[in-house]
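Here is the structure we will look at.
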Protein chains: 2
Amino acid sequence: MGRAMGLAGLLLGLVAVPAVLVSTSLRHGAPRAEAEPEPSGWELAADALPEDSLWPLPQRVRTSPRQLQLAPSRFQLVHGAGSSAGPGCGLLQDAFRRYYEYMFGHSRRRTWGRGPLAARAEPELLQLQVVIEAGDPGCDGHPQLTSSEAYHLTVTEPVAILKASEVWGALRGLETFSQLVHEDDYGSFLVNESEINDFPRFAHRGVLLDTSRHYLPLKSILTNLDAMAFNKFNVLHWHIVDDQSFPYQSVYFPELSDKGAYSSNLIYTPTDVRLVIEYARLRGIRVIPEFDTPGHTQSWGKGQKDLLTPCYNRGQPTGSFGPVNPVWNTTYNFMTKFFKEISSVFPDEFIHLGGDEVDFSCWKSNPEVKEFMKKQGFGIDYAKLESYYVQNILDIVSSYNKGQMVWQEVFDHKAQLKPDTVVQVWMANNYTPELSRVTGAGFTAVLSAPWYLDYISYGQDWKKYYSVEPLNFPGSEEQKKLLIGGEACLWGEFVDATNLTPRLWPRASAVGERLWSSSNVTNLQDAYKRLTSHRCRMLRRGIAAEPVFVGYCAHEARGP
Amino acid sequence: MGRAMGLAGLLLGLVAVPAVLVSTSLRHGAPRAEAEPEPSGWELAADALPEDSLWPLPQRVRTSPRQLQLAPSRFQLVHGAGSSAGPGCGLLQDAFRRYYEYMFGHSRRRTWGRGPLAARAEPELLQLQVVIEAGDPGCDGHPQLTSSEAYHLTVTEPVAILKASEVWGALRGLETFSQLVHEDDYGSFLVNESEINDFPRFAHRGVLLDTSRHYLPLKSILTNLDAMAFNKFNVLHWHIVDDQSFPYQSVYFPELSDKGAYSSNLIYTPTDVRLVIEYARLRGIRVIPEFDTPGHTQSWGKGQKDLLTPCYNRGQPTGSFGPVNPVWNTTYNFMTKFFKEISSVFPDEFIHLGGDEVDFSCWKSNPEVKEFMKKQGFGIDYAKLESYYVQNILDIVSSYNKGQMVWQEVFDHKAQLKPDTVVQVWMANNYTPELSRVTGAGFTAVLSAPWYLDYISYGQDWKKYYSVEPLNFPGSEEQKKLLIGGEACLWGEFVDATNLTPRLWPRASAVGERLWSSSNVTNLQDAYKRLTSHRCRMLRRGIAAEPVFVGYCAHEARGP
């Protein structure tokens, strides 16, 4: 074992990760065979269980050894009797077409007869009937924090039935059904008779993408939305702008991207943004944009004069700028108009307002800011000034009937938050007491601290992400209910279109299962087996997910 | 700053990497601006120096501010007067076509007039004339350890001249010339008048790829060979088989891959192997195959019965197998025939015979092996048995007139090596004394220990690889001369076609410059600037190299 691994082990030890997560490793990086499942079980072997490739694992699965065969030329995804949705439901029609492709598309090259199935004993499954039970199926609406994603799936001869209260549950059930269908060595498509009752453990299951440190082409974002749907994520937290660049093209303030984007073609036009939102909606994914202020705003200053605080040195302006200037009225006039646009462009009920990592040194250097501090009676407590600013922004955004997400500092610095504010806990150091404090104060929390996927390390770090128990913090039952979910964050300092997909998947899948499946789904060996199958499936569906460990995918040669 | 980064800093501290390498980092992973060059200098700005994008930096560069313009419709790469190579030199003809594409190909969409250049003051560069000075230019040969890669390039109006003793130097000079040519904002191609005298510091500059832990499609290997040429690497160390799979299709022993490959289509046929070798040759890259024995051979046992040692427990065979059986004559009969094939299939003068990480426990359990130990008088020193085996293999391979590379254990365990054996030093713990020992014993060494690129970590780890000084080990001048180079190793446990390219590049570029450029080229800020440009150039040429840090590539939208 090389020294590097010894130190990595030490590192893991220091952050108190259980020893089981530290793979022992030979020099060539190969954990010894006994530490891992046998590398031969890559594909769904003849004796494998149908649930061996389900990810995330549904809440309740009952499967029978009895297999049904599907004929791609005959099998149909249809609206079932009594469904409030019909052929006019574009969202479901689109999903039917998509899932048909995922199940059968990669074997299209072969010719399908319309005659009887190959000489097999299995009876045939003819249809999947989808029944939406709510009066209004919600085909044209947007998913929300309170949307129902529950579904009930029965697969029996001759038809499978998928029932859900809303279309969002139907989308999750379609994903599960498609995961149950598998291809045998002879190219036959099979599904075991089964019954699945499923619903998410947490309502907010997000992936953060950062399009400021590096621009991400639209195609990368859409591919990632596909992968999110495969993993039952339901929130794209779009960290769209930051210090480094401002790719969001504003209608009211086009100079923000004209001058703040890396380049004139590295922007998201209103059309691009609408496309992302619609593509996400069709997959049951909310898009929460983050416009982080007052820090992380250097790129805003390029296209909006007099927005940032001029920094001083020995009584003279240095030419540098700090956070948004909290003193001038023009700041709030700008923000009022800007967030009016954002509130209308992004349909989600929530906007993320950032509020993290405000560096006070520039404010402290500025005479006008100091004067204002005195007038307001803030003394030298610049956290009060920060809260003053944030308070104003929160009020502005509230006036547009939007809920708010903020990073934990906004809570820590004692801004007066509206009761429905969602506080995102990100600081890795001691995040459980923070969860206690936030929920103890009655606020809703989203956990990201253990899931900063930009911090890469050698080996199977998915196990580390997987082994987090989000509710393992001190607090009452009421407090636990206030933790509504989590987010896998892939900050963009070292990520762009060249490495986004393999870096994010299947590592984020570990977070996906943790947030969807029951808290008792914790077996690493079982997870390894399912995750390996799931990764091969993602590959087949066009997601360049990196390998979990040594081995190969049975169908990889056919993949896109 | 998050705790994770604090620990990462500690980790770096423990392995005694200078503090300059530890980037301070905010939560979003963004080093503060002052710790890094300004993120605005991404492209070759108007006031940038022409050498700002050279990678690896040539030994001697003199450039003039005087710029020449190139017209894609007129500019020619040609054989110069007095060259021993002419239009019959397929290797150079192919390189001319390739480098023309790299310089101008991506702007093809625009229409080029044949008329005068745009209203610019610059005079025109009409040709690059390539002159091979040796009597035999070596167009049809293979590059060797002793090949000359030196070249001399002068760029002056109206023609540039590239002189090299052998074609291998011309290939390096073509790469350098193509790096000097840049495109301005108006789409004009410019080059500064310059003179470059260049040669490699080390003769062996390798990249190890592992096609056993994961199969790599031919295309991935060829793409990597392109990237290697862009970085002036000259050895592909092809770790082609290992425990996990045997993708090499042997003519004499086809069952090895029939049964030992992951799957029947995940193999390298003789045609594939020839293609890799020829593709590499055209780029001045040697292909050294590694057939690692007696350990790391589990996959060999599947297609070759009675090759591996049966393991015993309480006097009974367990059904498991250990390393190659060093006792039976059949083993050596097999190896004699097998390496006869390998010696003929791979034209390089060297074969890598592995010899690392032999686990003695199975040998110790086997009664026949124990009996043999007694007979040979090895006592209980199984390292002697290992050396006995290796010795036999070395003799077999020597009889085919092949030189040998081995991992350091073969030297450590005191096998009697032929004087020209190359010992590869890989153990990260205290590698400098090992370099002293190997070279002190008069053997040639190749260094890999600090360059295990499969061990990923957060941040700009290229600086760590870059800051290694290979000759910084105790020893005489004679000993220093015996260190002939190094290799960046990308073991395949967590690497396949989905993430190979962005994981390897531009991290391996740091190793490439360390092995090519002068020992005094160590400035990290300068390297950062050049590496960032170089990475964008690789992207433009179809290599999905990951970003060095925040920012964008000026021409990335045009990239493939």
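The values are calculated or read from the model by the stated rules, or taken from the named source; none is laboratory data. All values reported here derive from a predicted model rather than from experimental measurement. Positions of Cβ are generated from backbone atoms using ideal geometry, with glycine treated the same way; all protein chains shown enter the neighbour counts. Protein only, heavy atoms only, side chains kept; ligands, DNA and RNA dropped before computing areas. Shrake-Rupley method; radii C 1.70, N 1.55, O 1.52, S 1.80 Å.
Close amide H pairs (under 5 Å, H built 1.01 Å from N) link B:V495 with no residue at least 5 positions away or on another chain.
Heavy-atom accessible area with a 1.4 Å probe sorts B:D526, A:D461, largest first, into B:D526, A:D461. A 1.4 Å probe run over the protein chains yields, for the protein assembly as shown, 37 Å² of accessible area per residue, whole-number rounding. For B:Y215, B:Y466, the ranking by accessible surface with the largest value first comes to B:Y215, B:Y466, using a 1.4 Å probe. Phi-derived couplings, Karplus 6.51 cos²θ - 1.76 cosθ + 1.60 at θ = phi - 60°, listed residue by residue for region A:427-433: 6, 5, 6, 6, 7, 5, x Hz, with x used for Gly and Pro. The listed residues A:H182, B:H239, A:H413, once ranked by accessible area (1.4 Å probe) with the largest placed first, stand as A:H413, A:H182, B:H239.
Neighbours of B:R66, meaning other residues whose beta-carbon lies under 10 angstrom from its beta-carbon, give a summed charge of -3 when Lys and Arg score +1 and Asp and Glu score -1.
Compute the long axis of helix B:3-14 from its Cα atoms, compare it with the longest principal axis of the Cα atoms of chain B, and write down the angle in degrees, 0 to 90, nearest 10. Result, in degrees: 70.
With contributions of -39500 (n - 2.57) from each DSSP H run of at least four residues, the per-residue ellipticity at 222 nm computed over chain B stands at -9500 deg cm²/dmol.
Averaged over peptide A:209-215, the number of partner chain Cβ atoms lying within 10 Å of each residue's Cβ comes to 4. Backbone phi angles across region A:290-303, fed through the Karplus curve with coefficients 6.51, -1.76 and 1.60 (θ = phi - 60°), yield HN-Hα couplings of 10, 10, 7, 9, x, x, 6, 10, 3, 5, 5, x, 5, x Hz in residue order; Gly and Pro are listed as x. Take every DSSP beta bridge whose two residues both sit in the protein assembly as shown; close to 35 percent of them are antiparallel.
Between chain A and chain B, the total buried accessible area stands at approximately 5200 Å², from heavy atoms with a 1.4 Å probe. Unpaired cysteine residues in chain B (no second Cys Cβ under 4.7 Å): B:C489. Annotation: amide H-H contacts under 5 Å for B:T318 (H modelled 1.01 Å from N, sequence separation of 5 or more, or interchain): B:C311, B:Y312, B:N313.
For region A:474-498, a reduction of at least 30 Å² in accessible area between the chain on its own and the assembled protein chains (probe 1.4 Å) is found at A:E493, A:F494, A:D496, A:T498. The charge dipole of the protein assembly as shown, taken about the Cα centre with unit charges on the Cβ atoms of Lys, Arg (+1) and Asp, Glu (-1), comes to about 440 debye, rounded to the nearest 20. Against chain B, whose longest principal axis comes from its Cα atoms, helix B:382-398 is set at around 60 degrees. The alpha carbons of chain B occupy a box of 88, 61, 49 Å along the principal axes, longest dimension given first.
Counting only alpha carbon atoms, the long axis of helix B:367-376 and the longest principal axis of chain B meet at about 90°. Farthest toward the positive end of the dipole of chain A, out of A:L128, A:Y279, A:V425, is the Cα of A:Y279, where the dipole comes from beta carbon charges about the Cα centre. Note on A:E290: accessible area approximately 0 square angstrom, rounded to 10, probe 1.4 Å, nucleic acids and ligands left out. Of the whole protein surface, A:H204 contributes about 0 Å² of accessible area at a 1.4 Å probe radius.
Relative to the Cα centre, the charge distribution of region B:204-541, modelled as +1 at Lys and Arg Cβ and -1 at Asp and Glu Cβ, gives a dipole magnitude of about 800 debye. Using a 1.4 Å probe on the protein chains only, how many percent of the accessible area of region B:204-541 belongs to carbon and sulfur? The nonpolar share, carbon plus sulfur, comes to 51 percent. Taking amide hydrogens as placed 1.01 Å from N in the peptide plane, the amide H of B:I288 sits under 5 Å from those of B:L236, B:H237, B:W238, each at least 5 positions away in sequence or on another chain. To the nearest 10, the accessible area of B:T269 is 40 Å² with a 1.4 Å probe.
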